[in-house]
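Okay, structure first, notes after.
The values are calculated or read from the model by the stated rules, or taken from the named source; none is laboratory data. In this text the structure is predicted, and so the values were computed from the model without any measurement. Here Cβ is always computed from backbone atoms with ideal geometry, including for glycine, and neighbour counts include all displayed protein chains. Just the protein is used for accessible areas: all its heavy atoms, side chains included, with ligands, DNA and RNA removed. Shrake-Rupley method; radii C 1.70, N 1.55, O 1.52, S 1.80 Å.
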Amino acid sequence: MRWLLTLLLTLSSFSVAAESQFYGEFQLGVHGVQHSDLDFHPGFASGSVGMYVRRHIGVELFYDRGTSKAREDDFDIKVTEASGIAARFESPEQRGVQAYILLGYVTYSIDQYENLLNSRRLAQENFSGARVSLGLAKTLQRYRQAQLVFEYRNYDVDAPLNVDGFGLGIRVKLR
Amino acid sequence: MKLNSLVRVSFFALVVMALSGCEGDVRDLTEPVEANQLNLSTLSIAPLSSSRTSLTVNPDEAIAFTLAGTDGSGQSVDIASTNRRWSVSDNNIATISDDGIFRGTQEGVVDISVLVGEVRAPPFTVNVSFGTLDRIGEIVGSEELQPCLAQTYSTEGIFTDGSPRDLDSVSWSIEPTESGTLTEGTESGSIILSGTTSGPITLIATSDNLSGSKVLTIDDSLETIGLANGLSLAANATLQLVAQGNYANESSPRDITNAVAWSITQGSDQAAVDDAGLVSGIAEGSAAVQAACGADINAVTNLTITAQITQLVADGGTDIDLSVGQLEQLRISTGTVYDEDEDVTELASWGVVGIDNTIASVSNVSSTRGQVTGLTRGEVIVRASYNNVSINFTIDVN
């Protein structure tokens, strides 16, 4: 709840809401989940909605949903869901391409199944931490309100676990 | 105005990230994998420096605990004791850290437990009770010793609350002092005694100015000491001597190398010997080495110290061509030309240089030392070392 309060207070401090532009984004991608010499690549779908509070500066909410499990040795892993809040900083557009960085906070859940002879054993854990994403967005020629995006994201977590991922998607700016 | 917005959003991002210190226990995911990979079947908890199956400690006293594990076939497996989910049954009585450091806070009884994956160790009971050392407990160990055969003795403290506890520091001594030697034991409160002179001997344990003692008897069963004769070594070489004790009513001798007193009785400029019977050649000549158990029983062997070895030479050269699957015996001797009489093939240490031993293998096992076998095509270096001198063979497998 603290981060939601922070979001509301921050948004309310911008008195120029009339200038604001909303946007939405949808991505499909794969996570990289590594620990104990195992490397999993479960799939995910991600959606976000946000608002530009100034040109090239936005604040957004995001939600990810795991789409597939990944198997390594006797284990299956799925990042079941993730959600959070982030601030977006974009570069000026050069030849239709922008770079951006997202800095925020994410909570996410990981399900890990151990496949035994006749059964499966489930370990579930919830994590939270900082989210950092780096990406490129290419504006579409025919529909300039839309951009193709390619993004690398990293969810902060204590070693030896590492959670990151790549996503490919589309962002639409709405007035 | 734009700068103002940038500052606000940056501030927002920083606040969000600052609030988002990592949370979540990674061990929920890593420990099942660890347990699976180890085939972990059982876990047990034990104090780091004690073999006790339960403990009594004072409040505020810190004790380190460790983990031991076995796999499905009952073999022990290496499992770290740190960064674990240790727990105590009552946090009002004691706490335990993730690294297994237990600390009592008030009097009471608690059980320590730990879980790795789905494998839980049986609880280990600790009684937190205040007490001070009241007396030294019984010294446990055999009342009879054979000369130069070590025996382990141990004791514990009896505290004012009646509990037996390990003693942090025990000072051990013997009377008469020349009747034996003492070596620190592997466990807390233990000592290893090797008697040398037949007759009675008193073993004394002292801690916090309190003492306990036990009267022992060293028998006269050691009849002679055996040492190999006719040995030689190079001036830059070492030679391990072995002392064999021949005891009455025993058909085979016992190895008492580490219990006897070693000394050079003649030729100290030519050789030196350490407490474990390892002789080092110093200069060409001869030396006499003595192994003694007490004042009356000893043995002496005469050693010949030859000139320093400066070179090893191969029989037939060092470039070896092999085909895959072919076996060849490599031979080396001291000197500049291979001499069968100076062959040290069986005395040398053999190995493949580097970590890639897929091209050829070489035996370093008695009676087959120096046998090289081609495994796959390629080139590899095989090295033989003797008395700090090495020779390399280039093995070309094709």
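Rounded, prolate or oblate for the protein assembly as shown? Axes are the square roots of the Cα gyration tensor eigenvalues, ordered a ≥ b ≥ c, and the cut-off for rounded is a/c under 1.5.
oblate
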Note on segment B:211-344: C-alpha Rg/Rh, Kirkwood Rh, two decimals, gives 1.17
Each label sits 7 Å from Cα toward the beta-carbon; between B:ASP319 and B:GLU175 the label points are separated, in nm, by 7.7
Long-range amide H partners of B:PHE65, meaning residues 5 or more apart or on another chain whose placed amide H is closer than 5 Å, are B:LEU48, B:ILE101, B:PHE102
Expressed in angstrom and rounded, the centroid-to-centroid distance over alpha carbons for segment B:105-162 and segment B:262-331 is 46
Here the percent of antiparallel bridges among DSSP beta bridges lying wholly in segment B:213-361, to the nearest 5, is 90
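Per residue of A:115-127, what is the mean number of Cβ atoms on other protein chains within 10 angstrom of that residue's Cβ? Mind showing how you got there, number by number?
Numbers: counts 1, 2, 0, 0, 0, 0, 4, 1, 9, 2, 7, 4, 7.
Mean shielding count: 3.
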Quick calc: nm separation of the 7 Å Cα→Cβ label points for B:THR132 and A:ARG65 -> 7.1
Contact order relative to length for chain B, counting C-alpha pairs under 8 Å separated by 6 or more residues, stands in percent at 9
A 1.4 Å probe over the protein heavy atoms gives chain B a carbon and sulfur accessible-area percentage of 46
Filtering trypsin sites (Lys or Arg not before Pro) in segment B:292-398 by DSSP loop and by at most 16 other Cβ atoms within 10 Å leaves B:ARG377
Here the convex hull volume per residue of chain B, taken over Cα atoms and given in Å³, is 301
Evaluated at 25 °C and 0.890 mPa s, the Stokes-Einstein D of chain A based on the Kirkwood radius over Cα pairs, in µm²/s, stands at 143
Regression test value, accessible area per residue of segment A:46-154, probe 1.4 Å, units Å², expected 47
Summing -39500 (n - 2.57) over every DSSP H run of at least 4 in the protein assembly as shown, dividing by its residue total and rounding to the nearest 500, the 222 nm mean residue ellipticity is -2500 deg cm²/dmol
Using alpha-carbon positions, the gyration tensor of segment B:42-189 gives root eigenvalues a ≥ b ≥ c; with a/c under 1.5 called rounded, otherwise prolate if a/b exceeds b/c, else oblate, the class is oblate
GNM of chain B, Cα pairs under 10 angstrom: of B:SER49, B:SER280, B:SER367, the biggest fluctuation goes to B:SER367
Here, B:ALA64 and B:ARG85, labelled 7 Å along Cα→Cβ, have an inter-label distance in nm of 2.5
Here the gain from full extension of B:LEU327 to B:SER252, 0.36 nm per residue of separation minus their alpha-carbon distance, amounts to 23.1 nm
Across B:GLY285, B:GLY245, B:GLY195, the residue with the highest GNM fluctuation in chain B (Cα network, 10 Å cutoff) is B:GLY285
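Based on the mean of other Cβ atoms within 10 Å per residue, sort peptides B:207-216, B:337-346, A:101-110 so the most packed one is first.
A:101-110, B:207-216, B:337-346
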Taking Cα atoms, the helix A:2-12 axis meets the longest principal axis of chain A at an angle in degrees (rounded to 10) of 10
Mean accessible area per residue over chain B (1.4 angstrom probe, all protein chains present, square angstrom) is 50
Residue-ordered couplings for segment A:153-168, obtained by feeding phi - 60° into the Karplus form 6.51 cos²θ - 1.76 cosθ + 1.60 and rounding to whole Hz (Gly and Pro as x), are 10, 9, 9, 5, 7, 5, 5, x, 7, 10, 10, 9, x, 10, x, 10
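How many Å² of accessible surface get buried when B and A come together, counting both sides, probe radius 1.4 Å, rounded to the nearest 100?
Its buried surface, counting both partners, is about 3100 Å².
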Between A:PHE75 and residues 5 or more places away or on another chain, the pairs with built amide H atoms under 5 Å apart involve A:ASN115
